[in-house]
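Structure first, commentary second.
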Amino acid sequence: MNTHTLSLRRNLGIIAHIDAGKTTLTERLLWKTGQIHRVGEVHDGAATTDFSAIERERGITIGAAAVQAHWAPRDLSAHRLTLIDTPGHIDFAIEVERSLRVLDGAVAVFSAVDGVQPQSETVWRQARRHGVPLLAFVNKMDRVGASFDRVVQQLAERLHARPLPLGIPVGTEGDFAGWVDLVDRQLLHWDAAGTLQRRPWTDVEAGAWQAARDALVEAVAELDDGVADAWLEGAAVDDAALRAALRRITVRGAGVPVLAGAAFKGKGIESLLDAVVDYLPSPLDRPAVTARQGESVVDVLPDAQAPLAALLFKVTHPQQGALAFVRVYAGTLRVGDRVASSRLGSRRVGRLVRVQADQLHDIDHAQAGDIVAVMGWKDASSGETLSAVEQPLVLEAIQTQPAVLAWRLEAVQASDLLRISQGLASLAQEDPSFRVETDQDSGETRVWGMGELHLEVMIERLRSEWKVDVRVGQPRVAYLEKPAAEVLGVVGRVVKQSGGQGQFAHVVLDLRPRDDDAVVFVDRVVGGAIPRGFIRAVEQGVRMALESGPQGHPVVGVDVVLLDGQTHAKDSSEQAFHRAGSEAVKSALLQAGTQLLEPVMGLEVLAPVATVGDVVGDLQRRHGRVQAIDEQDGRSQVSGLAPLARLAGYSNALRSLSQGRASSTMQLHGYAPAA
Ligand SMILES: Nc1nc2c(ncn2[C@@H]2O[C@H](COP(=O)(O)OP(=O)(O)OP(=O)(O)O)[C@@H](O)[C@H]2O)c(=O)[nH]1
Ligand SMILES: [Mg+2]
């Protein structure tokens with residue numbers, strides 16, 4: 001594939017708060033591009049990208065799903081789009097995280113009624129952290145209470161973005177029917193069936209809308225030198241120049257083009273598709289990805305002739321067999337190839353497929369810029385790098401948030417035990433934010449996840465996909481420990497010198513609490529009192545000891561400063577220093593004592609004004625703290641904090657105290673001393 005073909009690729013994610021309309025929009029994108037001929041609705045369990053049984057039943061997205069489409073704006077060649085529809089619920093954040101890790105751009109969807117919601121902020125920050133350029137799509141323009149301008153304003157105020165509205169919606173709520181395109185100077189109009197007609201502005205319309213176009217050009221001129229020069233000289237900025245500038249601005253993340261529509265009504269889809277091609281980056285426009293090659297760091301460029309570099313970012317187990325999703329960054333992956341795996345040595349590519357939601361299409365190779373899947377790798381895990389055998393590389397891993405909530409799990413029938421453990425292992429292989437733990441003492445099984453919905457979904461999948469019967473017991477939250485005081489000059493000493501090879505290590509260290517939750521190891525050893533290799537061993541020992549503090553939980557918020565030590569010419573070893581470091585920290589923690597920290601959730605509750613008293617009362621009973629109550633359009637938004645340990649069954653409780661009219665979102669706010 002040459003650079004021309006690569007420039008015609010767009011790999012993008014659809015990201016948003018729960019229910020903003022991502023799946024509905026993806027369905028319309030597939031429809032308008034001719035990939036599907038009949039639109040399926042989320043609420044009928046018929047949307048292409050919500051294909052799993054549990055998604056269809058619940059009407060929400062749980063797993064990110066990839067689809068392909070082609071689109072050619074104006075007289076341009078067809079561009080190939082790979083879209084990933086992601087879930088909005090915070091419990092499935094890993095799906096957004098690993099999608100953004102491998103995508104080149106994203107469309108952030110907002111509800112024109114609800115605006116920037118808590119989870120919109122989270123996914124926006126995630127996209128920014130990955131340097132993924134964004135477009136904003138203000139959806140649900142047909143709903144009562146819709147306001148394009150309010151969302152644009154919130155983009156600036158809440159997300160600190162530089163919004164660049166590319167048009168003016170024509171009509172709102174039930175009358176929403178068109179879009180004044182300020183770039184092309186066209187008027188777009190959709191009929192009730194979502195069929196588009198477009199035409200250039202008439203002279204009268206130009207008189208009315210030219211000022212808005214000038215304002216857009218001026219905003220662009222502030223961000224782009226190319227347009228700035230023309231603007232300052234008073235020269236007209238033509239459509240092509242404006243588009244080129246908007247593309248540069250979007251790709252470098254300096255501004256965000258904003259569009260509007262009503263996905264459910266099939267309106268606004270064509271202009272969004274045009275904008276995806278016009279403004280979102282191709283793989284060529286993204287900065288080089290870096291990889292480790294032995295001790296050095298190398299740049300990986302999107303070149304199909306270069307040695308292979310690909311990231312395995314997701315594993316699923318559909319009926320056809322294990323499916324490993326791969327983003328190819330450089331080189332070519334071919335059926336029959338043997339490739340290096342950062343985890344396993346090497347693997348053979350038996351079958352390669354292009355994925356269209358739950359449909360798989362065999363292909364014989366994939367190149368730099370492609371997102372495809374390899375079939376049949378039963379032991380694949382997300383985060384693995386695939387590279388050329390003669391030039392093994394390691395790409396940056398995928399970040400996961402630690403799980404905060406656990407449920408105890410019991411088999412109803414002993415005969416299910418084996419299947420349960422196989423099922424749990426398979427679910428954990430798919431989802432790095434889901435963890436299975438067996439208590440050494442009691443033999444109890446606990447499953448850890450991001451929240452109640454996450455665990456509920458996993459248990460339901462275990463029951464239905466593995467046909468087992470399980471009982472769920474007491475919930476438990478993830479505690480942490482923090483040293484309560486500073487302890488200086490603690491000695492860790494390992495001496496064993498009776499016969500044969502002895503063991504000797506002596507270390508002196510300080511242990512200090514930090515203000516944040518980091519764990520930092522500082523080497524202050526002078527004059528080579530401990531050789532380099534042994535210092536690394538001490539650090540490993542220290543970190544191992546911090547994994548389980550005196551109360552049995554991971555220790556955070558601590559500086560460990562290695563001050564001094566002694567070695568023995570013959571008997572010192574890495575192993576001895578590892579143990580000395582670990583023992584020094586254990587005794588320091590016992591001396592300091594530790595404070596127990598518990599997860600505290602940030603809550604946003606949207607409730608009818610009449611029920612606010614009950615919502616607040618209930619939160620206070622749960623040891624929660626209300627931070628703000630805002631009123632908007634007859635509804636109240638209650639923001640607050642509450643310990644996760646007190647939030648068991650919260651969404652059900654909220655539903656019953658508001659007769660089903662209140663909704664809530666929660667996400668980890670941080671850790672605080674346990675009450
Ligand atoms: N009126 C109206 N309803 C819409 C529009 N877009 C989506 N909806 C409805 O909003 C609800 C949620 O839509 P989804 O597409 O499932 O939202 P989502 O963002 O994919 O939700 P999650 O994946 O669960 O986070 C559905 O009932 C849709 O029919 C729109 O433009 N107008
Ligand atoms: Mg969805």
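The values are calculated or read from the model by the stated rules, or taken from the named source; none is laboratory data. Please read all numbers here as calculations on a predicted model, not as lab measurements. Ideal geometry is used to build each Cβ from the backbone, glycine not excepted, and the neighbour counts take in all protein chains shown.
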### Message
Condition first: within 16 Å of ligand 2 (Cβ to nearest atom) and in contact with a strand residue (DSSP E or B) (Cβ under 7 Å, 6 or more places away or on another chain). Now tell me which residues in region 101-114 satisfy that.
### Response
106, 107, 108, 109, 110, 111
#### Entry: From 62, 90, residue being touching an Asp or Glu at 6+ places or on another chain (Cβ under 9 Å), within 24 Å of residue 383 (Cβ to Cβ) and of a type in the set (A, V, I, L, M, F, W, C)
62
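Just checking, does region 87-106 include any residue being among the aliphatic types (A, V, I, L, M), part of a loop (DSSP other than H, G, I, E, B) and modelled with pLDDT of 95 or more? Steps first, answer last, please.
Here is the first cut: in region 87-106, the residues among the aliphatic types (A, V, I, L, M) are 90, 93-94, 96, 100, 102-103, 106.
Those still in the list that are part of a loop (DSSP other than H, G, I, E, B) too: 103.
With modelled with pLDDT of 95 or more added as a condition, the list becomes 103.
Yes, some residue in region 87-106 is among the aliphatic types (A, V, I, L, M), part of a loop (DSSP other than H, G, I, E, B) and modelled with pLDDT of 95 or more.
Consider region 133-172. How many of its residues are assigned to a loop (DSSP other than H, G, I, E, B) and either more than 16 Å from ligand 1 (Cβ to nearest atom) or without any contact (Cβ under 8 Å) to a residue 24 or more places away in the chain (or both)?
So the answer is 6.
Out of the residues in region 262-315 that are assigned to a helix (DSSP H, G or I) and among the β-branched types (Val, Ile, Thr), state the one that is farthest from residue 145 (Cα to Cα). Before the answer, list the steps.
From region 262-315, those assigned to a helix (DSSP H, G or I) are 263-265, 269-279, 283-285; that's our starting set.
Checking the rest, the ones that are also among the β-branched types (Val, Ile, Thr) come to 269, 276-277.
Details: 269: 21, 276: 27, 277: 31 Å.
Out of the qualifying residues, it is 277.
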### Query
Considering only region 434-478, how many residues are in contact with a helix residue (DSSP H, G or I) (Cβ under 9 Å, 6 or more places away or on another chain), part of a loop (DSSP other than H, G, I, E, B) and within 27 Å of residue 519 (Cβ to Cβ)?
4
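Quick check: is even one residue across region 115-136 within 16 Å of ligand 2 (Cβ to nearest atom), buried (at least 20 other Cβ atoms within 10 Å of the Cβ) and of a type in the set (A, V, I, L, M)? Lay out the reasoning, then the answer.
Step one: list which residues in region 115-136 are within 16 Å of ligand 2 (Cβ to nearest atom), which gives 117, 119-120, 122-123.
Still in the running and buried (at least 20 other Cβ atoms within 10 Å of the Cβ): 117, 119-120, 123.
Remaining after also requiring of a type in the set (A, V, I, L, M): 123.
Taking every residue of region 115-136 in turn, at least one turns out to be within 16 Å of ligand 2 (Cβ to nearest atom), buried (at least 20 other Cβ atoms within 10 Å of the Cβ) and of a type in the set (A, V, I, L, M).
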### Task
Identify all residues within region 342-354 that are at pLDDT 95 or above and of a type in the set (A, V, I, L, M); write none if there are none.
349, 352, 353
### Task
With respect to residue 100, determine if the residue is under 24 Å from residue 330 (Cβ atoms) and either in contact with a helix residue (DSSP H, G or I) (Cβ under 7 Å, 6 or more places away or on another chain) or surrounded by fewer than 24 Cβ atoms within 10 Å (Cβ to Cβ) (or both).
yes
### Pairs, first of a type in the set (Asp, Glu) and near ligand 1 (Cβ under 9 Å from one of its atoms) in region 21-32, second in a helix (DSSP H, G or I) and modelled with pLDDT of 95 or more, C-beta under 9 Å, six or more apart
27/263
### Query
Restricting attention to region 412-433, which residues are in contact with a strand residue (DSSP E or B) (Cβ under 7 Å, 6 or more places away or on another chain), assigned to a helix (DSSP H, G or I) and under 17 Å from residue 472 (Cα atoms)?
417, 420, 424
### Task
State whether one or more residues within region 239-261 are surrounded by fewer than 20 Cβ atoms within 10 Å (Cβ to Cβ) and within 19 Å of residue 83 (Cβ to Cβ).
yes
### Task
Exactly one condition in (1) farther than 30 Å from residue 418 by Cα; (2) free of Cβ contacts under 8 Å to residues at least 60 places away in the same chain; (3) in contact with a helix residue (DSSP H, G or I) (Cβ under 6 Å, 6 or more places away or on another chain); (4) part of a loop (DSSP other than H, G, I, E, B) is not met by residue 521; state its number.
(4)
### Query
Counting only residues that are outside any helix (DSSP H, G or I) and either closer than 18 Å to residue 187 by Cα or within 16 Å of ligand 2 (Cβ to nearest atom) (or both), how many does region 208-256 have?
1
### Tabulated pairs, region 603-621, first free of Cβ contacts under 8 Å to residues at least 12 places away in the same chain and closer than 23 Å to residue 19 by Cα, second hydrophobic (A, V, I, L, M, F, W, C) and surrounded by 19 or more Cβ atoms within 10 Å (Cβ to Cβ), C-beta under 7 angstrom, 6+ apart or interchain
none
